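The values are calculated or read from the model by the stated rules, or taken from the named source; none is laboratory data. Since we're looking at a predicted model, the values are computed, not measured. Positions of Cβ are generated from backbone atoms using ideal geometry, with glycine treated the same way; all protein chains shown enter the neighbour counts. Note: accessible area is taken over every heavy atom of the protein model, side chains too, but ligands, DNA and RNA are not part of it. Shrake-Rupley method; radii C 1.70, N 1.55, O 1.52, S 1.80 Å.
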Amino acid sequence: MYDGGKIITGLVIGLALLLFPFFYTAGKAARAPERELTAKAKEAEKCIEATAFMKTGHMKLLDEWRDEVVRDADRYYTSNLTGEVHYKSIQVTCMECHSNKTKFCDRCHTYAGVDPFCWDCHIAPKESE
Amino acid sequence: MNFVVSIVFSGAVVTLLVLIPWVGVGAFDLRVLFGIVIPYAAVITFFAGLVAKVIGWGRSPVPFRIPTTAGQQWSLPWIKANRVDNPKGNGGVVLRMIFEVLLFRSLFRNTRMEFRNGPRITYEFEKWLWLFGLLFHYAFLVIIIRHLRFFTEPIPFFVKLLENLDGFMQIGIAPLTGYQLPGLFLSGMVLLAAVGFLFLRRLLSAQIRHISLPGDYFPLFLIGAIGFTGILMRYLLKVDIVAVKELTMGLVSFHPTIPGGVGVLFYIHLFLVSVLFFYFPFSKLVHLGGVFLSPTRNLANNSRAVRHVNPWSYPVKTHTYDEYEEEFRDKMVEAGLPVEKAPEPEEEASEEETGEKE
């Protein structure tokens, strides 16, 4: 090798950078977090829409609710799943059942590295341990 | 190759690459193959290929310095030398490499030569390739670092920091029906825009179209498809992100799992990325490592100051005059020919003279 020392050094540094996630995770088994449902949520058995939709689309629903409530004073949402009418409010409706924010919302958000801006304005429910 | 053929060929290959996991996961449920086996094989190929390439380049002799410089060489004290563009030592070389790797200085130097007003040559401003190349590479870097959130737990601070910078714009749900996320990551859009430019540049400029091959179009289409499926997944056709992270963390911690509920779109994205990893070491994309080994950038221009011996020079058998005289001295003296060193026993006086020479 010509200038072998320098090239190998550079190669090792480059590989170390590229393999960073493997070193960082080595020895750790990072299981996906379990969402915890409150007794009330368990009893209700279903959310306002299908679970699969709520998993991937809740942020859209909440964002639309915000715009509709703030801009059009449109406060009532009819579920496509059950046809029931719900009051559009994260604090009053969502957190009514999902009162355990840290165990229901935060676990997955932290795991996926998502920072929802809900609580920039809204007040998170008080949780009692 | 005709550029239409090149484009159609590259486009067809990328389309096929989208269809393979679509059918494989969608119809045959080969989740282990597309979620575990192929990604691991791709990553192994990538690293083995990259190391082999770099070692191969390292073993190639660089017999002399190639001073393709844009600055005055260091020579005499009263001639002002350019220490960065034409470095004589390692410090200048490091600076030149930093400019090259981080800022693409060679591309910045680009000008367009044109004939204007008859036979007069003009050099026009032409920085678009530099600009969009820079945008493309930095957007790609930001995207890769952002993706570390799927490969680390807990997520390091710099990933969050970069995410916050990248996502400082919110565009809300409104602009597109079905658009599902208020936050916007600029890097994704910049990447697609830059890919678009780089493609149009190859298509619209006659000279560049002429030298473009499938090997140029295919990576652009592939990276475009990766970006597009990623954007689809994030903003439009959602996937269960927690399940996705479970899969990626499984890969990176060597405890691979296939969680349920991950849509086929994710497998398409993953497969395209795997293909990129496979393809990387064998294509022009390996300039990731190659840029550090550009002989015109990473060698000091000391061709005059230091003697460089060609490493593959054949050890030529020489017969110097000294050796020649040593062999034939007696005969030369006999024939009356002048010799540098007189034979020893005969003349004592000349011995002193030759003694000085030695």
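A few comments on the model shown:
- When the C-alpha to C-alpha distance is required to be over 21 Å, the pairs from B:Lys160/B:Lys245; A:Lys55/A:Lys101; A:Lys46/A:Lys126; A:Lys28/B:Lys53; A:Lys40/A:Lys60 that qualify are A:Lys46/A:Lys126; A:Lys28/B:Lys53; A:Lys40/A:Lys60.
- Spatially proximal lysines relative to B:Lys317 (Cα-Cα < 26 Å; intrachain offsets below 8 disregarded): B:Lys331, B:Lys341, B:Lys357
- Distant-in-sequence amide contacts of A:His86, defined by a placed amide H-H separation under 5 Å and a gap of 5 or more residues or a different chain, comprise A:Tyr77, A:Thr78, A:Ser79.
- Listed peptides A:99-111, B:321-333 appear in the order A:99-111, B:321-333 once ranked by packing, highest mean of other Cβ atoms within 10 Å at the front.
- Relative contact order for the stretch A:73-118, counting Cα pairs under 8 Å that sit 6 or more residues apart, in percent: 19
- Here is what passes the span test in chain B: the DSSP H helices with alpha carbon length of 27 Å or more along the helix axis and a Kyte-Doolittle mean of 0.0 or above are B:3-26, B:38-59.
- Total accessible surface hidden between A and B, rounded to 100 Å², 1.4 Å probe: 3500
- Accessible-area composition of chain A, carbon plus sulfur, in percent [1.4 Å probe]: 58
- Cα-Cα separations in chain B greater than 36 Å, expressed as whole percent: 45
- Ratio of Rg to Rh over chain A (Cα coordinates, Kirkwood Rh, two decimals): 1.23
- From its DSSP helices (H runs of at least four residues, each -39,500 (n - 2.57)), the protein assembly as shown gives a residue-normalised ellipticity at 222 nm of -16500 deg cm²/dmol.
- Here the protein assembly as shown was treated as a single set of alpha-carbon atoms; its pair distances binned every 10 Å from 0 give 3, 13, 20, 20, 14, 10, 7, 5, 3, 2, 1, 1, 0 percent.
- Using a Gaussian network model of chain B in which every pair of alpha carbons under 10 angstrom is joined by a spring, one finds that among B:Ala81, B:Ala12, B:Ala342 the greatest mean-square fluctuation is at B:Ala342.
- Span from the the stretch B:286-323 Cα centroid across to the the stretch B:7-40 one, whole angstrom: 47
- Between B:Pro77, B:Pro295, B:Pro67, the GNM of chain B built on Cα springs shorter than 10 angstrom shows B:Pro77 fluctuating the most.
- Whole-number accessible area per residue in Å² for the stretch A:34-129, which is evaluated in the context of all protein chains at 1.4 Å: 65
- All-pairs Cα distance distribution in the stretch B:1-126, expressed in whole percent, bin size 10 Å: 9, 16, 22, 23, 17, 9, 3, 0
- Carbon and sulfur %, accessible surface of the stretch B:24-110 computed with the full protein complex present, 1.4 Å: 68
- Reciprocal mean inverse distance between Cα atoms of the stretch B:193-233 - Kirkwood radius, Å: 10.7
- Note that chain B presents 58 Å² accessible area per residue, ligands and nucleic acids not counted, probe 1.4 Å.
- The angle between the Cα long axis of helix A:4-18 and the longest principal axis of the Cα atoms of chain A comes to about 10 degrees, rounded to the nearest 10.
- Distance from the stretch A:41-69 to the stretch B:194-269 (C-alpha centre basis), Å: 29
- The angle separating the long axis of helix A:51-72 from the principal Cα axis of greatest extent in chain A is about 60 degrees.
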